[in-house]
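K.L.:
A single structure is presented below for examination.
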Amino acid sequence: MKIKVVKDYDEMSLLAAKQIIEQIKIKNNSVLGLATGSTPIGMYKNLIEYFKRGEVDFSKVITFNLDEYIGLDKGNEQSYIYFMKKNLFSHINIKEENIFIPDGTAKDAEIECKRYNELLEKYGPIDIQILGIGVNGHIGFNEPSKSLTLRTHVTDLTEDTRKANARFFDDISKVPTKAITMGIGDIMKAEKIILLASGKSKAPIIKHMVETGISTFIPASVLKLHKNVEIIADEDAASLIEKDSCIA
Ligand code: F6R
């Protein structure tokens with residue numbers, strides 16, 4: 001696991017965007033694994049800028065989002081499909097049919113998970129998987145637990161996660177209690193994984209993840225078993241890591 005420490009959020013965002021652009025230049029039909037939340041917004045802004053300058057073509061790119069809340073309709077501003085359209089898809093030339101996000105409004109969520117797994121098998125492996133990290137160590141919505149699930153599944157959101165995400169809703173009671181998420185195995189199948197972390201609130205979990213062993217109670221720590229993972233952390237997020245844990 002490589003850790004690249006950069007000055008701030010803007011540098012993190014630019015570096016991550018550059019890696020995606022390089023990937024698309026090498027393979028125009030790259031499969032990207034994407035995340036929502038505050039962390040990747042800057043990276044998406046940079047991708048939009050590259051596109052506007054004519055430096056990248058998304059017309060053959062395929063994207064898979066990590067997760068979606070169950071029970072929010074697609075027009076709900078807090079749904080992840082809405083987030084992705086607003087922050088990336090509606091500004092670039094990606095084709096609608098190349099965008100995959102679990103459908104949180106599906107009548108039968110289990111069937112939806114099966115459908116998503118089949119799509120991942122058909123189009124995968126993901127070339128670059130972008131991840132954020134929850135303050136409790138979750139990746140996607142793979143929450144700390146005695147065991148982790150390999151494939152796309154329905155999950156209960158922990159109170160920690162609901163509290164952390166309540167900032168986007170009127171109040172915590174509006175935060176969904178369930179989501180569909182890609183599993184740890186789906187994430188680990190990606191050729192390359194880039195985990196982004198910014199801000200002091202992420203410093204304790206980044207330290208924990210980097211400096212302690214692998215545990216299902218810190219789902220992100222499982223990434224240590226992957227051959228090609230890079231953490232891009234800004235100085236605040238990396239501020240508690242022992243200096244010799246950093247390669248960069
Ligand atoms: C979102 C996702 C989550 C977030 C994590 C961090 O698609 O999968 O794991 O990456 O909760 O969220 P932010 O970036 O808002 O701190």
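K.L.:
Nearest 20 debye, what's the magnitude of the dipole of the stretch 1-103 about its Cα centre given +1 on Lys and Arg Cβ and -1 on Asp and Glu Cβ?
P.N.:
Values: 14 positive and 14 negative charges, 87 e Å.
With only Lys, Arg, Asp and Glu charged at Cβ, the dipole is about 420 debye.
K.L.:
Moving on to the next point. Amide H neighbours of residue 131 under 5 Å, at least 5 residues apart or on other chains, H built in the peptide plane: list them.
P.N.:
The list, which skips near neighbours in sequence, is 194, 195, 196.
K.L.:
Quick one, what does Rg over Rh come out to for the stretch 128-248 if you take C-alpha atoms and the Kirkwood Rh? If you can, show how the numbers build up before the last one.
P.N.:
Working: Rg = 14.2 Å, Rh = 14.8 Å.
Rg/Rh: 0.96.
K.L.:
To the nearest 20 debye, what charge dipole does the chain have about its Cα centre, counting +1 at the Cβ of each Lys and Arg and -1 at the Cβ of each Asp and Glu?
P.N.:
360
K.L.:
Just to be sure I understand: with springs between alpha-carbon atoms less than 10 Å apart, which residue in 104, 213, 54 has the highest mean-square fluctuation in the Gaussian network model of the chain?
P.N.:
Among 104, 213, 54, the largest GNM mean-square fluctuation belongs to 54.
K.L.:
Which residue, chosen from 137, 214, 82, occupies the Cα position most advanced towards the positive end of the dipole of the chain, where the dipole is computed from +1 (Lys, Arg) and -1 (Asp, Glu) charges on Cβ about the Cα centre?
P.N.:
214
K.L.:
Put a dot 7 Å past each Cα toward the Cβ at residue 29 and residue 135; how far apart are the dots in nm?
P.N.:
For the pair residue 135/residue 29, the computed spacing is 4.4 nm.
K.L.:
While we're looking at this one, here's another question. Fewest to most neighbouring Cβ within 10 Å: what's the order for 11, 68, 55? Don't skip to the end; give the middle numbers.
P.N.:
Numbers: 11 17, 68 28, 55 12.
Lowest to highest Cβ neighbour count: 55, 11, 68.
K.L.:
Check cross-link reach from residue 178 to the aspartates and glutamates: straight Cα distance under 16 Å, and skip same-chain residues fewer than eight apart.
P.N.:
Partners within reach: 67, 68, 73, 103, 108, 110, 112, 143, 156, 159, 160.
K.L.:
So what is the relative contact order of the chain, in percent, for Cα pairs below 8 Å that sit 6 or more residues apart?
P.N.:
In percent, rounded to a whole number, it is 27.
K.L.:
Name the residue, out of 120, 225, 131, whose mean-square fluctuation peaks in a Gaussian network model built on the chain with Cα pairs under 10 Å.
P.N.:
Looking only at 120, 225, 131, the biggest GNM fluctuation is shown by 225.
K.L.:
So, one more: By counting other Cβ atoms within 10 Å of each Cβ, how are 196, 14 ranked from fewest to most?
P.N.:
Lowest count first: 14, 196.
K.L.:
On full extension of the chain, what length is gained from residue 147 through residue 93, given 0.36 nm per residue of separation minus the C-alpha to C-alpha distance?
P.N.:
On the way: separation 54, 0.36 × 54 = 19.44 nm, distance 3.94 nm.
Here the segment from residue 147 to residue 93 would lengthen by 15.5 nm.
K.L.:
Quick one: which of 4/227; 25/200; 7/189; 163/192 span more than 22 angstrom between C-alpha atoms?
P.N.:
Flagged as over cut-off: 25/200; 7/189; 163/192.
K.L.:
In the chain, which helices (entire DSSP H runs) extend 24 Å or more along their own long axis, judged by Cα positions, while averaging at least -1.0 on the Kyte-Doolittle scale?
P.N.:
Membrane-span-like by this rule: 9-26.
K.L.:
Now a separate question. Convex hull over the Cα atoms of the chain, averaged projected area in nm²? It would help to have the intermediate numbers written out before the result.
P.N.:
Values: hull surface 49.3 nm².
Seen from a random direction, the Cα hull of the chain projects 12.3 nm² on average.
K.L.:
Could you check the spin-label model distance between residue 225 and residue 159? Points 7 Å from the Cα along Cα→Cβ, value in nm.
P.N.:
It works out to 3.0 nm between the two label points.
K.L.:
Right, here's the next one. Neighbour counts of other C-beta atoms within 10 Å: give me 186, 10 arranged from fewest to most.
P.N.:
Least crowded to most crowded, the residues run 10, 186.
K.L.:
Please compute the modelled spin-label separation between residue 167 and residue 73, points set 7 Å along Cα→Cβ, answer in nm with one decimal.
P.N.:
Once both label points are built, they end up 2.9 nm from each other.
K.L.:
Considering only C-alpha atoms, what is the centroid distance from the stretch 101-131 to the stretch 132-149, in Å?
P.N.:
The two parts, judged by their Cα centres, are 18 Å apart.
K.L.:
Please list, in order, the residues from the stretch 52-79 whose amide nitrogen is less than 15 Å from a point placed 7 Å along the Cα→Cβ vector of residue 178.
P.N.:
Only 68-73 pass the distance filter.
Each reported figure results from applying straightforward, stated rules to the coordinates on display, with no laboratory input. Everything numeric here is computed off the predicted structure, so don't read it as measured data. All Cβ positions, glycine included, derive from the backbone under ideal geometry; neighbour counts span all protein chains shown.
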